[in-house]
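Shown next, in structure tokens, is the structure this report addresses.
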Amino acid sequence: MKVSIVSRSGREVIKGGLELSDSATVADLQEAIHRRTKKFYPSRQRLTLPLPPGSKERPIVLNYKKNLKEYCDGNLDNLTVVFKDLGPQVSYRTLFFCEYLGPLVLYPVFYYFPVYKFFGYKGERIIHPVQTYALYYWCFHYFKRIMETFFVHRFSHATSPLSNVFRNCAYYWTFGSYIAYYVNHPLYTPVSDLQMKIGFGFGLVCQLANFYCHMLLRNLRRPDGNGGYQIPSGFLFNIVTCANYTTEIYQWLGFNTATQTVAGYVFLVVATSIMTNWALAKHRRLKKLFDGKDGRPKYPRRWNGTLKAGIEIVCRNHRGHIIDGKGFTIRILSVAPGKAKAIREALHFAANFSSCPITIESDAAAVVSAIKDSNPVPDWEIVPVMADIKHLCPPWLVFLHA
Amino acid sequence: MAGVLSLLRRLYLTVYNWTVFFGWSQVLFLAVKTLKDSGHEHVYNAVEKPLQLAQTAAVLEILHGLVGLVRSPITATLPQIGSRLYLTWGILYSFPEIRSNFLVTSLVISWSITEIIRYSFFGMKEVLGFAPSWLMWLRYSTFLLLYPTGISSEVGLVYFALPYMKESEKYCIRMPNKWNYSFDNFCAAILVLGTYIPGSPHMYGYMLGQRKKALSKSKRE
């Protein structure tokens, strides 16, 4: 098959195009482009399908794992792809390492070396205990982040543009020095001993929680996998989508409570706003990706989305006449657990009529089939309710779903 | 309901733009008149009140962009208005020693001509729904000259104010204090000057791009 590679302005990037076998993948195409251009290694290339002129839609990005044929749309002899140079790339590990090395090295410089002589402070510097603990806390934090970069994180993308290294390093290194300057200052005023202990203690707990969040995120991706998104769950992820950012923000709050500098709080505000944006973007992306259609799982609602559900139990005799009933509301995270809880309440209610045979009707097919045939439950929130139901069920009970 | 709201929006923006336009016209008139009658040393005292009022009113422009009343990116308006406010309050208002400098005149004249054109352009658009092409041309061409004069006056005034900042220590906060904070106005001013190095070419380039876009569009219509 012949593949023409054009730039976004329509100019031919590779003269005469490329000839590839019919079974070639996008990765093969990228390799072939690299062989011809030398400069553009695969992660520098962004390949998309051409858009009709004037179209405002986003172009489809070619996935390197897929076969070229899947993008051919009937015509198997000719394919035109649009090439964009993403610029020099670095791996995410390199990027993170550079970001975190700055604060890890610069902070101790302010603690150990007579930096403040250059700012015009003469005489001996008395070091408060909180300044020493802050040094350990800070270095532990960035050491943890570097270790996690190499041994824990599994990245969704392999590389990032080189320019991000300069931007991110400027951010981390400047803020690191700015905070270090104030915390290690000769005229530093410490907070009370109790406040310091609360701050560092809370911060440390949050750092451990943050580590646990990173381990949970790591286990979402297989070691051989190439990125891809999964629904995070377990621990704090059942409450918020990005518990890793939540714990990171709170651990900085702990550090600031103990050290109390305006510089630290400025950093906290900036970091919080950046991470909030990332978290909102990720939440939107996961909700869009896991829409519950065509067999894709539905992204579960998080804590701000607890539902108020009305439960009504209607009790009829064998002629269909209503003989009793009950109604109340509960709070749930999603619909299925609400249905399961309704069945459990119905069983409790039915215990009053224990001498007669009972039929229970529910419109929750998944829940009913889970009870009747011991199928897997559709939602983690149901598990304890199901256990109750199994326990309450009399052997003659008949389940219907309508 | 939507009709009433859009009418209110137009009414408000019309009043806003023409009010600020009037403020800047006053600044220009007083500046030129004082320059002719009594010399550049007296220009600041003549224009102080309308200048402070008109320039501070620009804060509303950031708010307009934030609430979506107008379509202008905050990344373009914030640095521009921020630097203007810094000059108006942080330099001219705070350091009276600098007010007799000849750069005050070039600064005030550059600002006021730019703003008179800009606000009348927006004002026309709100009232008529379009702006005359000559005004459009002025809006996207005068900056070619007025940006360099305005920016060099700004930089020059901050530079000349530096010794007074260092000497007076005005607005400085020193350690030790409970919140472990310090602020040095002199260092802050040097940082501000530093931002002009990448900032000025960036803003000039941005305006050149806007000029190309706006003037080529008006030619096509």
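Within the range B:178-196, residues that are within 13 Å of chain A (Cβ to nearest Cβ) have Cβ atoms under 7 Å from residues that are open to solvent by 30 Å² or more (accessible area, probe 1.4 Å) and hydrophobic (A, V, I, L, M, F, W, C) in these pairs: B:Trp179/A:Val262; B:Asn180/A:Val262; B:Tyr181/A:Val262; B:Tyr181/B:Ile173; B:Ser182/B:Ile173; B:Phe183/B:Cys172; B:Phe183/B:Ile173; B:Asp184/B:Cys172, counting only partners at least 6 apart in sequence or on another chain. The residues of the range B:133-177 include none that are within 14 Å of chain A (Cβ to nearest Cβ) and over 28 Å from A:Val262 (Cα atoms). What number of residues within the range A:53-70 are part of a loop (DSSP other than H, G, I, E, B) and in contact (Cβ under 8 Å) with a residue 40 or more places away in the chain? So the count comes out to 2. The number of residues in the range A:1-52 being in contact with a Pro (Cβ under 9 Å, 6 or more places away or on another chain), without any contact (Cβ under 8 Å) to a residue 40 or more places away in the chain and open to solvent by less than 40 Å² (accessible area, probe 1.4 Å) comes to 4. For the range A:153-209, filtered to residues that are of a type in the set (Ser, Thr, Tyr) and within 23 Å of the chain's Cα centre (by Cα), the residue that is nearest to the other protein chains (Cβ to nearest Cβ) is A:Tyr171. Residues in the range A:258-270: is at least one on the phi > 0 side of the Ramachandran plot, surrounded by 16 or more Cβ atoms within 10 Å (Cβ to Cβ) and at pLDDT 95 or above? Checking the range A:258-270: at least one residue is on the phi > 0 side of the Ramachandran plot, surrounded by 16 or more Cβ atoms within 10 Å (Cβ to Cβ) and at pLDDT 95 or above. With respect to A:Leu208, determine if the residue is part of a helix (DSSP H, G or I) and either of a type in the set (Asp, Glu) or open to solvent by 50 Å² or more (accessible area, probe 1.4 Å) (or both). Yes: the conditions hold for A:Leu208. For B:Val108, state whether it is open to solvent by 30 Å² or more (accessible area, probe 1.4 Å), at negative phi and among the aliphatic types (A, V, I, L, M). Answer is no for this residue. Candidates A:Ala263, A:Ala271, A:Ala279: the one that is of a type outside the set (Lys, Arg), closer than 30 Å to A:Phe118 by Cα, in contact (Cβ under 8 Å) with a residue 12 or more places away in the chain and away from every other protein chain (no Cβ under 14 Å) is A:Ala271.
Screening A:Phe97 against (1) in contact with a Ser or Thr (Cβ under 9 Å, 6 or more places away or on another chain); (2) open to solvent by less than 50 Å² (accessible area, probe 1.4 Å) leaves a single unmet condition, (2).
Return the residues of the range A:91-112 that are more than 14 Å from A:Val183 (Cα to Cα) and either free of Cβ contacts under 8 Å to residues at least 40 places away in the same chain or not in a helix (DSSP H, G or I) (or both); say none if nothing qualifies.
So in the range A:91-112, the residues more than 14 Å from A:Val183 (Cα to Cα) come out as A:91-102, A:104-105.
Of everything in the range A:91-112, those that are more than 14 Å from A:Val183 (Cα to Cα) and either free of Cβ contacts under 8 Å to residues at least 40 places away in the same chain or not in a helix (DSSP H, G or I) (or both) turn out to be A:Ser91, A:Val105.
Checked against (1) over 28 Å from A:Arg284 (Cα atoms); (2) within 23 Å of the chain's Cα centre (by Cα); (3) of a type in the set (S, T, N, Q), A:Thr241 passes all but condition (1). When B:Gly68, B:Gly3 are screened for being open to solvent by 30 Å² or more (accessible area, probe 1.4 Å) and on the phi > 0 side of the Ramachandran plot, only B:Gly68 passes. Of everything in the range A:122-140, what is assigned to a loop (DSSP other than H, G, I, E, B) and surrounded by 12 or more Cβ atoms within 10 Å (Cβ to Cβ)? Give them in sequence order. Of everything in the range A:122-140, those that are assigned to a loop (DSSP other than H, G, I, E, B) and surrounded by 12 or more Cβ atoms within 10 Å (Cβ to Cβ) turn out to be A:Arg125, A:Ile127, A:His128.
Taking the range B:40-57 on its own, how many of its residues are charged (D, E, K, R) and surrounded by 16 or more Cβ atoms within 10 Å (Cβ to Cβ)?
Within the range B:40-57, the first condition is being charged (D, E, K, R), and the residues that meet it are B:41, B:48-49.
From what is left, the residues that are surrounded by 16 or more Cβ atoms within 10 Å (Cβ to Cβ) are B:48.
Residues that pass the stated criteria total 1.
The values are calculated or read from the model by the stated rules, or taken from the named source; none is laboratory data. Because the structure is predicted, anything quoted here is derived from the model rather than measured. No Cβ is skipped: glycine too gets one built from the backbone with ideal geometry, and neighbour counts run over all protein chains shown. These accessible areas exclude ligands, DNA and RNA; they are computed on the full protein's heavy atoms, side chains included. Shrake-Rupley method; radii C 1.70, N 1.55, O 1.52, S 1.80 Å.
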